[in-house]
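**Q** A single structure is presented below for examination.
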Amino acid sequence: MDNPLKKVFSYFSKLGGGAGDSAVGIDIGSSAIKVVEIKRKGGKAILETYGAIALGPYDSLDVGRVTNLPVEKIAEAVKEVLKQSGVVNTSGAYSIPVQSSLIFTIELPAQVDDGKISEIVSTEARKYIPVPITEVSLDYFILPQKESSFEEMANASGIPQKEQAVEKTNVLVVATQNNAISKYRSIVSLCSLIASFFEIEIFSSIRANFEHELSPVLLMDLGASRTKLSIVEFGMVKNHHTIDKGGADITDSISKSLGIPFSEAERMKKEFGLFGNPVEKSLSEIIKIHTDYIFSETNNVLLEYEKRYGRTISKVIFTGGGSLLKGLLEVASNNFRAEIEIGHPFSKVGAPAFLEKVLDAIGPEFAVALGLALRKLQ
């Protein structure tokens, strides 16, 4: 009998064996699940195995389609991808989708007592959260202060005014829906696994994509259902915004505009991208309508950030499956006055040299799963 899951798997590779001092990251997305297992050997993180499984077929949909599966179906897919990837560790770290959370910054007086910050954050957060505070779990991080230059500290007459340099303490607040956490706990339980921790996906992605950037950097995560924008400075999220357009929307537009099946539209998108199809010349224009919208919204976010903080981004890092779209970097370079690059998450772990090109090509899709595993291994 033919295996119905044969076409579901996107990638699969088993490099080593044994659990040992290993860490597993599991990224449950809207269209696929990705898993990465790494192991500490000689003080270094080494890639053990990785795998991905499409969720569309579990909902009688095409590969690449956005799904809304019940926990039982998701658990079934998790168990299958772990089995096919050869993951032997039963303890893993899981991502929580950003749409299940609210991320914002609040300003507190610079001299606020550390012992009172938690209470103040809880009170101030109520102004931003559209649901009862009892329905969310709060976490917060005090953002590091930017070093002020001599010019910034000087007044109009050119006399330094150091006392004006620091006036507020900025706090990043993350509010996660309790029902979302309960949902993922149920998935883990149905898989007979152990959850080491849950983490909002953008923090995992930042860990996998960033090195030691000090200037503001924009991380653009192009997923299937949405594009997530995170402006990061000193390793911390200073601003976050979500655009409700993703890779599946582009494929859907191609399908409807050209009157072809979704699966064929997905194939054409991946094969030609923004470079265009010599046979179907309108393909690149259909895709460009979506990328132009995403870049326009992104520039609005950057402009707001520059007005608020007086800082401009130095680099744009693309991640997520949508970042693999051919021609994306060329179009992006015309939209942003900054260095443009695609993230290379697997550069943070050791792997056989013969896999280098493969891992570079698929790395952006596995950023969240790898970022989870890296945190667990710390």
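The values are calculated or read from the model by the stated rules, or taken from the named source; none is laboratory data. Keep in mind that this is a model prediction, so the values were computed, not measured. Cβ: placed from backbone, ideal geometry, glycine included. Neighbour counts: every protein chain shown.
**Q** Run T298 past the list (1) buried (at least 20 other Cβ atoms within 10 Å of the Cβ); (2) in contact with an Asp or Glu (Cβ under 8 Å, 6 or more places away or on another chain); (3) of a type in the set (S, T, N, Q) and report the number of the one that doesn't hold.
**A** It fails just one condition, (2).
**Q** Only one of (1) surrounded by fewer than 18 Cβ atoms within 10 Å (Cβ to Cβ); (2) over 17 Å from the mean Cα position of the chain (by Cα); (3) not charged (D, E, K, R) is not met by H241, so which one is it?
**A** The failed condition is (2).
**Q** Still on this structure, I have one more. Here is a list: S253, S189. Which entry is surrounded by fewer than 21 Cβ atoms within 10 Å (Cβ to Cβ), under 14 Å from I294 (Cβ atoms) and of a type in the set (S, T, N, Q)?
**A** Result: S253 is the single residue among S253, S189 that is surrounded by fewer than 21 Cβ atoms within 10 Å (Cβ to Cβ), under 14 Å from I294 (Cβ atoms) and of a type in the set (S, T, N, Q).
**Q** Answer yes or no as to whether T319 is among the polar types (S, T, N, Q), crowded, with 18+ Cβ neighbours inside 10 Å and in contact with a Ser or Thr (Cβ under 6 Å, 6 or more places away or on another chain).
**A** yes
**Q** Any residue in the range 27-42 that's in the same structural domain as K73 (by TED's automatic domain parsing): show its pairings with residues that are of a type in the set (V, I, T) and assigned to a strand (DSSP E or B) at Cβ separation under 6 Å, as long as the two are six or more apart or on different chains.
**A** Short answer, once both residue conditions are applied: I33/I53; V35/I26; E37/V24; E37/T49; K39/I46.
**Q** Run down I181, I194 and say which single residue is surrounded by fewer than 21 Cβ atoms within 10 Å (Cβ to Cβ), more than 21 Å from T67 (Cβ to Cβ) and of a type in the set (V, I, T).
**A** On inspection, the qualifying residue turns out to be I194.
**Q** Go through (1) touching a Lys or Arg at 6+ places or on another chain (Cβ under 6 Å); (2) crowded, with 21+ Cβ neighbours inside 10 Å; (3) not basic (K, R) and name the single condition F275 misses.
**A** (2)
**Q** Of the numbered conditions (1) over 22 Å from the mean Cα position of the chain (by Cα); (2) touching a residue at least 12 places away in the same chain (Cβ under 8 Å), H290 fails exactly one; give the number of that condition.
**A** (1) is the only condition that H290 fails.
**Q** Please note which helices (runs of 4 or more DSSP H) are completely contained in the range 50-154 and include at least 3 residues that are out of contact with any Pro (no Cβ under 7 Å at 6 or more places or on another chain) and modelled with pLDDT of 95 or more.
**A** Of the helices (runs of 4 or more DSSP H) lying wholly inside the range 50-154, those with at least 3 residues that are out of contact with any Pro (no Cβ under 7 Å at 6 or more places or on another chain) and modelled with pLDDT of 95 or more span 71-85.
**Q** Could you look through the range 326-378, keep only residues that are of a type in the set (S, T, N, Q) and more than 29 Å from F198 (Cβ to Cβ), and pick out the one that is surrounded by the most Cβ atoms within 10 Å (Cβ to Cβ)?
**A** N335
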